[in-house]
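A.B. asks: Below is one structure. I have some questions about it.
The values are calculated or read from the model by the stated rules, or taken from the named source; none is laboratory data. What you see is a predicted model; the values in this text were computed from it and never measured. Cβ placement follows ideal geometry from the backbone for every residue including glycine, while neighbour counts extend to all protein chains displayed.
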Amino acid sequence: MVDNWRSWCCWTTSYWMIYICILLVCRIKESTQQIVIEELKVPKVVKAGDNTSVILDCVYDLHNSSTRGLVVKWYVNDTILLYQWIYGLPPITDPTDEHIQCGYKATDDPTTMYRAMKINNLNIKHTGDYKCNVFSVADDVSRETSMIVYSPEETFDLKYEKKRR
């Protein structure tokens, strides 16, 4: 009887220790996630045009964490890097897309000033899934949404033939 009780106590204690360790690990993981993307401002639908420009803004908060290794990247369709800003350096853009305005300032705060990307003279090729990725030595977060750029017809011809009976 005593052996059964000892066995039960050891078994129960082991499971409680594992449970406490899991809780501690989850709490540590939760406290290390310091960067939060609060909002991804990307228009859902935009009409293309020579004078049309949009700002894709990745509103994030560092929650008083260090800016060491802070990088903001914008991707389209999950693979094409369009824009990158490394904290302390000027932003760079995809050299093949002359529509992206390099150096657009979203804020005057030095930790978020180049978080946004401005695209000028939109065309239908800018339709896609846009992802903002913000990371530092402490954390790595991303958020994604779609933008559709449409172009209406310039001329519309409708032909109608009446069926003969």
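A.B. asks: Out of Ala106, Ala138, report the one residue that is in contact with a helix residue (DSSP H, G or I) (Cβ under 8 Å, 6 or more places away or on another chain), assigned to a loop (DSSP other than H, G, I, E, B) and touching a residue at least 12 places away in the same chain (Cβ under 8 Å).
C.D. replies: On inspection, the qualifying residue turns out to be Ala138.
A.B. asks: Just wondering, is there one or more residues in the range 42-50 that are in contact (Cβ under 8 Å) with a residue 24 or more places away in the chain, within 14 Å of Thr112 (Cβ to Cβ) and either of a type in the set (Val, Ile, Thr) or surrounded by 13 or more Cβ atoms within 10 Å (Cβ to Cβ) (or both)?
C.D. replies: No; the residues of the range 42-50 include none that is in contact (Cβ under 8 Å) with a residue 24 or more places away in the chain, within 14 Å of Thr112 (Cβ to Cβ) and either of a type in the set (Val, Ile, Thr) or surrounded by 13 or more Cβ atoms within 10 Å (Cβ to Cβ) (or both).
A.B. asks: Then there's this: Which one is farthest from the chain's Cα centre (by Cα), of the residues in the range 59-103 that are polar (S, T, N, Q) and part of a loop (DSSP other than H, G, I, E, B)?
C.D. replies: Thr96
A.B. asks: Another question about this same structure. I'd like the full set of residues that are of a type in the set (D, E, K, R), surrounded by 12 or more Cβ atoms within 10 Å (Cβ to Cβ) and at pLDDT below 95, limited to the range 87-118.
C.D. replies: Asp94, Asp97, listed by residue number.
A.B. asks: Test Tyr150 against the criterion of being in contact (Cβ under 8 Å) with a residue 60 or more places away in the chain and either of a type in the set (Phe, Trp, Tyr) or loosely packed, with under 12 Cβ neighbours inside 10 Å (or both), and give yes or no.
C.D. replies: In short, yes.
A.B. asks: Within the bounds of the range 69-86, is there any residue that is surrounded by fewer than 11 Cβ atoms within 10 Å (Cβ to Cβ), farther than 22 Å from Val149 by Cβ and out of contact with any helix residue (DSSP H, G or I) (no Cβ under 9 Å at 6 or more places or on another chain)?
C.D. replies: Within the range 69-86, none of the residues are surrounded by fewer than 11 Cβ atoms within 10 Å (Cβ to Cβ), farther than 22 Å from Val149 by Cβ and out of contact with any helix residue (DSSP H, G or I) (no Cβ under 9 Å at 6 or more places or on another chain).
A.B. asks: I'd like to check something: does the range 144-155 contain any residue that is touching a Pro at 6+ places or on another chain (Cβ under 7 Å), at pLDDT 95 or above and not acidic (Asp, Glu)?
C.D. replies: yes
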